1. For the chain, find the longest principal axis of its Cα atoms and tell me its angle to the long axis of helix 50-73, 0 to 90°, nearest 10.
2. Stokes-Einstein D for the range 14-74 at 37 °C, 0.692 mPa s, Kirkwood Rh over Cα pairs, in µm²/s?
3. Starting from 0.36 nm per residue, how many nanometres of slack lie between Glu75 and Glu47 once their C-alpha separation is accounted for?
4. Simple spin-label model, 7 Å along Cα-to-Cβ: Ser10 to Val36 in nm?
5. Angle check, please: helix 5-36 long axis (alpha carbons) against the longest principal axis of the chain (alpha carbons), in degrees 0 to 90, nearest 10.
6. On C-alpha positions alone, give me the angle between the axis of helix 114-134 and the longest principal axis of the chain, in degrees, nearest 10.
7. Counting alpha carbon pairs within less than 8 Å and at least 6 residues apart, what relative contact order, in whole percent, applies to the chain?
8. Could you give each residue of the range 78-95 its phi-based ³J(HN,Hα) in whole Hz, using Karplus coefficients 6.51, -1.76, 1.60 with θ = phi - 60°, and x for Gly or Pro?
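None of the figures in this text is laboratory data; all of them are computed from the coordinates on show. Source: prediction; values computed, not measured. For neighbour counting, all protein chains shown are included, and Cβ atoms are generated from backbone atoms with ideal geometry for every residue, glycine included.
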Amino acid sequence: MELTSFDYSSAIAAHLVYFGIAIVATVLFVGIYVTVTPHREFRLIREGNSAAAISLGGALLGYTIPLAKAVSQSEGMTDMLLWSGVALVAQLVAYGVTRLILPALSSHVNEGKVASGIFLAAMSVSVGMLNAAAMTQ
């Protein structure tokens, strides 16, 4: 079936709406995440702290993987927003569990201990991938 120019316009408009809301949701996630963590990721990253960059990058991937799945499978904006909220909570739980496993996690990130940053990133991405896989149509 060939799309008419009107169909293209509708598709592009829908794309822009979903993409725009996904970007806003991602910015909101980052804002909440860096507020919850006791270390100041952006300051540390500006100072060249690799552990902070790796850990925040992992959290960002861990959030956007299920967010992308929510965007692609949602039947409407409410559905997408609900799943983006689930992804946000899952990342906060992943961070909390990682802090239980590594109680000195924040000080390690502050000190630039890359191993802690990598472990937190791996936890975040793993939770994000499992979360995305668990989302059903």
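1. 20 degrees
2. Values: Rh = 12.6 Å.
Stokes-Einstein gives a translational diffusion coefficient of 261 µm²/s.
3. On the way: separation 28, 0.36 × 28 = 10.08 nm, distance 4.27 nm.
Result for the pair: 5.8 nm of gain on full extension.
4. Going from the Ser10 label point to the Val36 one covers 3.8 nm.
5. 20 degrees
6. Taking the Cα atoms of the chain, the angle to 114-134 is about 30 degrees.
7. Working: 138 pairs, mean separation 46.0, N = 137.
Relative contact order of the chain: 34 percent.
8. 3J(HN,Hα) across the range 78-95, in whole Hz: 4, 4, 4, 5, 4, 5, 5, x, 4, 5, 4, 4, 4, 5, 5, 5, 4, 5.
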